[in-house]
Amino acid sequence: MATADTEPGSSQRFEKGTRETLVTVARHAVLLTWSFLVLFPLYWLASMSLKPSGQANSLPPDWIFLPTVYNYLQLVQSSDFVTAFANSLLMVGASVVLVLLIGVPAAYVLSRYDIPKERDVLVWILSSRMLPPIAVVLPFFIIFQEFNLFDSKIGMVLMYVSINLSLVVWVMKAFFDGIPETLEEAARVDGATRFQGFLKIILPAAKPGIFSVAIISFIFAWIELLFGLVLTSFNAVPVTLFVYSFIGSRSIEWSMLAAASTAMIIPVAIFLIAVNKYLAAGLSFGVVIKE
Amino acid sequence: MSTPTKTQTETTNRQGLARVRDLWNDYLPYWMITPMVVVMVMITFFPGAYDLYLSLIEEPTVNILASEFAGLEHYETAITRGGAINSFAITVTVVVSALLLESVIGFFLAAFVTGVESSRLKSFYRVLFILPMAVAPVSLATIGRIMLNSEIGVIPYVINTLTPLTAPSFLSDLPLLTVILLDTWNWTPFMFIIFYAGLSSVPDTLVEASRVDGAPLWRRYVHVIIPYIKPVVFVAVLIRMIDLFRTFGVVYGLTQGGPGTATQLVSINIYEQMFINNAPGVAAAIAVVYLVFVIAIANIVIAKVGFEGVWD
């Protein structure tokens with residue numbers, strides 16, 4: 001093939017042209033197939049949530065149906081769902097604020113100061129993500145009961161912080177590394193302290209990084225089931241646990257379950273699309289930073 | 001009389017404030033990094049140490065010193081009656097196969113999307129392909145239960161009516177495969193988006209040079225492009241591997257580790273030992289081994305990869 005490509009000639013060029021067309025067609029075939037695989041389950045869930053419960057399970061499926069928001073109305077009327085949804089919003093939101101307050105300044109220090117064994121420190125920070133949550137949650141289950149943190153929102157916020165802190169530190173360190181130090185040095189010449197330089201010069205410059213890491217932290221906490229399962233029973237139940245308890249019940253009401261799941265997916269989907277430009281940087285812990 | 005005292009306190013206040021401000025500025029890096037270090041110690045050393053302690057005592061007691069030493073009893077129970085070995089094998093199977101599938105599919109998708117000429121179409125695919133990540137594992141379990149159910153599921157229905165085959169009962173006959181495929185659906189976007197960023201960072205000049213050499217496409221990838229983005233590939237694989245060892249929600253929502261113990265991941269085994277069998281010692285023993293196991297593997301990968309060319 002390699003030799004054929006280097007030979008000039010009109011028939012050769014024609015052959016190459018058809019091959020390129022074939023490659024293009026194959027590429028689009030693969031991409032469209034995957035698009036279908038991605039969309040079909042999502043479509044199926046959403047359409048089921050819009051069907052009246054009698055019609056939801058019928059096979060062959062009713063492709064054409066009158067959409068109804070009845071399931072969502074019922075969902076909103078069940079106080080359990082609203083409480084769980086509000087709990088999740090509150091706990092996850094608070095955990096994101098807290099994890100940024102703890103992680104961003106630390107990342108700045110790791111980026112700007114000489115830290116002994118910096119690499120080992122970074123690997124240690126990453127190792128907090130290597131601990132399987134179940135192994136972490138076991139001691140906290142016992143400790144939380146001692147300190148009255150069991151089934152409390154504060155306890156859940158702390159656990160959510162624990163899963164995202166390594167992500168925040170890594171991503172923000174990479175972002176700070178990319179911001180030239182001359183920027184803050186100029187501010188310091190003008191009489192600003194180091195901290196003022198950090199607040200007024202560096203943080204605004206790192207805004208895209210903070211924004212994306214906040215949303216990704218939100219998502220990782222939002223989809224977490226285990227902590228809710230182990231550490232809550234009534235007061236601090238997150239929405240994932242609500243959906244799970246739906247599955248666990250004896251006779252599953254499919255269309256309601258579909259509605260609850262869809263309601264959980266939509267905010268995250270919007271976030272993901274909003275942040276898609278910086279998604280790679282966040283998910284690769286800052287190693288891939290897109291300009 | 002009152003005026004001088006007032007100014008005096010004011011000055012001491014101002015002095016105190018100045019001292020606090022100096023203290024703040026002089027030790028700034030320490031103030032900024034300490035909260036993170038405290039939380040990190042709390043979530044790394046403490047749980048590991050407590051798991052170890054719990055695994056070595058008879059029963060947890062309020063007074064830590066009053067507990068009775070149990071030796072390796074719980075470790076023995078974990079292996080003989082706890083199904084520890086079985087659940088480790090299942091976890092490794094899931095991690096390896098899902099990681100492989102997600103990496104390969106993610107890479108091909110990324111390469112194909114990078115090759116799309118129209119930039120509008122490109123961003124359309126990019127946004128579309130990340131959508132599955134919006135689905136929480138427990139919602140994915142919901143989708144799985146709805147679509148694969150042998151009575152009301154659309155996938156068995158399509159297999160039965162459109163093909164001569166009879167649909168297997170996915171959740172009872174092929175539970176492990178189902179779990180792996182669902183996770184692949186959920187997290188291939190993760191690999192895709194990182195690989196895509198890596199591939200987009202390959203300089204055009206590098207690709208052009210290899211194209212002039214007349215090298216065929218696949219050889220361009222193997223010899224030029226993949227070596228160039230190797231650090232990115234390694235990091236993506238490492239992070240995804242670490243996260244795969246954390247898998248819980250999708251399996252717990254889908255099969256709860258069953259049927260039998262067919263999909264009993266280590267994380268589910270630990271959960272059941274603790275909360276269903278009421279055996280915290282056994283749960284902790286498995287947790288300790290799992291911690292060491294995962295951290296060892298991750299560190300081997302890190303040592304091999306070395307993050308060379310990633311940080312510096």
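Could you tell me whether B:I105 is closer than 30 Å to A:N276 by Cα, more than 20 Å from the chain's Cα centre (by Cα) and facing chain A (nearest Cβ under 10 Å)? Taking the combined requirement at face value, the residue does not satisfy it. For region A:136-152, the criterion of a residue being buried (at least 16 other Cβ atoms within 10 Å of the Cβ), of a type in the set (D, E, K, R) and more than 30 Å from B:W24 (Cα to Cα) is satisfied by at least one position.
Suppose we filter B:Y221, B:Y252 for residues that are within 24 Å of B:I193 (Cβ to Cβ) and among the aromatic types (F, W, Y); which single one remains?
Of B:Y221, B:Y252, the one residue that is within 24 Å of B:I193 (Cβ to Cβ) and among the aromatic types (F, W, Y) is B:Y221.
Touching a Phe, Trp or Tyr at 6+ places or on another chain (Cβ under 6 Å), aliphatic (A, V, I, L, M) and free of Cβ contacts under 8 Å to residues at least 24 places away in the same chain, is that true of A:L31? Yes.
Residues B:V266, B:V289, B:V282: which one is over 13 Å from A:L229 (Cβ atoms) and at the interface with another protein chain (Cβ under 8 Å from one of its Cβ atoms)? So that I can check it myself, show each step before the final result.
On the way: B:V289 fails: at the interface with another protein chain (Cβ under 8 Å from one of its Cβ atoms); B:V282 fails: at the interface with another protein chain (Cβ under 8 Å from one of its Cβ atoms).
B:V266 is the lone residue from the list that is over 13 Å from A:L229 (Cβ atoms) and at the interface with another protein chain (Cβ under 8 Å from one of its Cβ atoms).
Restrict the check to region A:253-276 and report whether at least one residue is closer than 29 Å to B:L148 by Cβ, at pLDDT below 90 and part of a loop (DSSP other than H, G, I, E, B). Checked region A:253-276: at least one residue is closer than 29 Å to B:L148 by Cβ, at pLDDT below 90 and part of a loop (DSSP other than H, G, I, E, B). Screening A:A236 with (1) in a loop (DSSP other than H, G, I, E, B); (2) hydrophobic (A, V, I, L, M, F, W, C); (3) within 12 Å of another protein chain (Cβ to nearest Cβ) gives one miss only, at (3).
Among the numbered conditions (1) more than 10 Å from chain A (Cβ to nearest Cβ); (2) of a type in the set (V, I, T); (3) more than 30 Å from B:A110 (Cβ to Cβ); (4) in a helix (DSSP H, G or I), the only one that B:T261 does not meet is (4).
Residues checked against (1) surrounded by 23 or more Cβ atoms within 10 Å (Cβ to Cβ); (2) more than 10 Å from every other protein chain (Cβ to nearest Cβ); (3) at pLDDT below 95:
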| site | (1), (2), (3) |
| --- | --- |
| B:V96 | no, yes, no |
| B:R120 | no, yes, yes |
| B:I143 | yes, no, yes |
| B:T163 | no, yes, yes |
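The number of residues in region A:95-111 being buried (at least 18 other Cβ atoms within 10 Å of the Cβ) and either acidic (D, E) or out of contact with any Phe, Trp or Tyr (no Cβ under 7 Å at 6 or more places or on another chain) (or both) comes to 10.
All of A:A205, A:A263 fail the test of being within 11 Å of chain B (Cβ to nearest Cβ), of a type in the set (A, V, I, L, M) and farther than 21 Å from B:F190 by Cα, apart from A:A263. Among residues of region B:234-258 being more than 10 Å from chain A (Cβ to nearest Cβ) and not in a loop (DSSP other than H, G, I, E, B), the one that is nearest to A:V123 (Cα to Cα) is B:V237.
Taking the residues in region B:152-161 that are within 8 Å of another protein chain (Cβ to nearest Cβ) and more than 33 Å from the chain's Cα centre (by Cα) as candidates, determine which candidate is surrounded by the fewest Cβ atoms within 10 Å (Cβ to Cβ). I'd like the intermediate steps shown before the answer.
In the first step, residues of region B:152-161 are kept if they are within 8 Å of another protein chain (Cβ to nearest Cβ); the result is B:152, B:154, B:157, B:161.
In the following step, the residues that additionally are more than 33 Å from the chain's Cα centre (by Cα) were identified as B:157, B:161.
On the way: B:Y157: 18, B:T161: 10.
My answer is B:T161.
A:A192 meets all of the listed conditions (1) in contact with a Leu (Cβ under 7 Å, 6 or more places away or on another chain); (2) assigned to a loop (DSSP other than H, G, I, E, B) but one, namely (1). Between A:L75, A:L110, the distinction of being farther than 30 Å from B:A284 by Cβ, more than 8 Å from chain B (Cβ to nearest Cβ) and touching a residue at least 24 places away in the same chain (Cβ under 8 Å) belongs to A:L75 only. Scanning region B:284-295 for residues that are over 11 Å from A:P139 (Cα atoms), touching a residue at least 24 places away in the same chain (Cβ under 8 Å) and of a type outside the set (S, T, Y) yields a total of 7.
Name every residue in region A:131-148 that is more than 7 Å from chain B (Cβ to nearest Cβ) and without any contact (Cβ under 8 Å) to a residue 24 or more places away in the chain, in order of residue number. Within region A:131-148, A:I143, A:Q145, A:E146, A:F147, A:N148 qualify.
Within region B:170-189, the presence of a residue that is facing chain A (nearest Cβ under 9 Å), crowded, with 21+ Cβ neighbours inside 10 Å and touching a Lys or Arg at 6+ places or on another chain (Cβ under 9 Å) is excluded.
Every condition in (1) surrounded by fewer than 21 Cβ atoms within 10 Å (Cβ to Cβ); (2) touching a helix residue (DSSP H, G or I) at 6+ places or on another chain (Cβ under 6 Å); (3) in a helix (DSSP H, G or I) holds for B:V294 except the one numbered (1). Any residue at all in region B:62-72 that's within 26 Å of A:L37 (Cα to Cα), among the small types (G, A, S) and in contact (Cβ under 8 Å) with a residue 60 or more places away in the chain? Checked region B:62-72: no residue is within 26 Å of A:L37 (Cα to Cα), among the small types (G, A, S) and in contact (Cβ under 8 Å) with a residue 60 or more places away in the chain. Restricting B:T247, B:T205 to those that are surrounded by fewer than 16 Cβ atoms within 10 Å (Cβ to Cβ) and among the polar types (S, T, N, Q) reduces the list to B:T205.
The values are calculated or read from the model by the stated rules, or taken from the named source; none is laboratory data. Predicted model only: the values in this text are computed from it and were never measured. Note that we place each Cβ from the backbone using ideal geometry, even for glycine, and neighbour counts take in every protein chain shown.
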